[in-house]
Amino acid sequence: MTGSARGRTGASGYRERVPLVAAAVCPHPPLIVPELAGAAAPELDDLRTACDAAVGQLLAAGPDEILLVGDGPETDWFGPADYGSLHGYGLRRPVYLWKRMCSGAELLPLSLTIGAWLVGRSATDLPRRAHSVAADASPQGCAELGASLVTEAERRTALLVMGDGSACRGTKAPGYDDPRAQAYDDEVARALADADPDALLGLDPGLSAELKVAGRAPWQVLAGAARAAGGEWRGELDYYQAPYGVSYFVANWEPA
């Protein structure tokens, strides 16, 4: 599915001054890592394939760096040598953001840990940065963060946004069944397919929390980034399913 949205442009060619070249959205379930899924790994093969393709499409845009964004306990930057751990899920080796240096620390939240794992699968040697956004950040705060991430960037940047949808899709879901979840997720799917920043910024933080959505704040950072970059954006939604009662989306946004 594809769509487009118009952002802010200036008479002097605002887009040319903002180095956001592409964006992608992926989920961050630990079971996407085959070593953690064990015999159940094939159940998420389609999701893994879609995520790999989304990262590949980011790289095809020719960025100079990849910026990962995901939710966390607070809003913060992470250094290129920082890493995350999936030890609690059964994987004992660290997952590095980029460089393996003694200056790094185990700081990445789950969202960015899975994001780093996905980028690592591509074998790219591009520099990587990462920024978490507090799960309870306001839509305005998320939009402002997204704008700052692209307007302050000095290199052509590709944005990888990590986030899950509702966790209330059925009686076996982590949040049990909630009749509001389907409509919520459908709206997210439409917004991602249409590259619609206004729709993403319209997601209600309270309802999102009740539905145990882990992607609301990062998606709104994406919306702020696209608005600040300006011009028209084209969206493509390649995956929308709810295995295990949690909705996962994989999408790409590119300048139209």
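The values are calculated or read from the model by the stated rules, or taken from the named source; none is laboratory data. Being a predicted model, the structure only gives us computed values, none of them experimental. Note that each Cβ is placed from the backbone with ideal geometry, even for glycine, and that neighbours are counted across all protein chains shown. Ligands, DNA and RNA are stripped out before the accessible areas are found, and what is left, the full protein with its side chains, is counted by its heavy atoms. Shrake-Rupley method; radii C 1.70, N 1.55, O 1.52, S 1.80 Å.
Quick notes
- Exactly one residue out of A143, A130, A153, A147 is touching a residue at least 24 places away in the same chain (Cβ under 8 Å) and farther than 25 Å from A199 by Cβ, and it is A130.
- Checking each residue in the range 62-115 for being in contact (Cβ under 8 Å) with a residue 40 or more places away in the chain, open to solvent by 40 Å² or more (accessible area, probe 1.4 Å) and aliphatic (A, V, I, L, M) picks out only L110.
- Residue count for the range 207-238, restricted to those that are touching a Cys at 6+ places or on another chain (Cβ under 7 Å) and either charged (D, E, K, R) or closer than 12 Å to V188 by Cα (or both): 2
- Looking only at the range 18-72, and only at residues there that are of a type outside the set (A, V, I, L, M) and in contact with a Pro (Cβ under 7 Å, 6 or more places away or on another chain), the one that is farthest from T151 (Cα to Cα): E43
- Of everything listed in (1) open to solvent by 40 Å² or more (accessible area, probe 1.4 Å); (2) in a helix (DSSP H, G or I); (3) closer than 27 Å to E210 by Cβ, the single unmet condition for G120 is (3).
- For the range 16-45, the candidate set comprises residues that are farther than 21 Å from S85 by Cα and touching a strand residue (DSSP E or B) at 6+ places or on another chain (Cβ under 7 Å); within that set, the residue that is modelled with the lowest pLDDT is P19.
- Filtered residue count, the range 233-256, keeping only those that are surrounded by fewer than 24 Cβ atoms within 10 Å (Cβ to Cβ) and either assigned to a helix (DSSP H, G or I) or touching a helix residue (DSSP H, G or I) at 6+ places or on another chain (Cβ under 9 Å) (or both): 12
- Qualifying residue in the range 162-182 (condition: touching a His at 6+ places or on another chain (Cβ under 6 Å), more than 14 Å from A223 (Cβ to Cβ) and in contact (Cβ under 8 Å) with a residue 40 or more places away in the chain): yes
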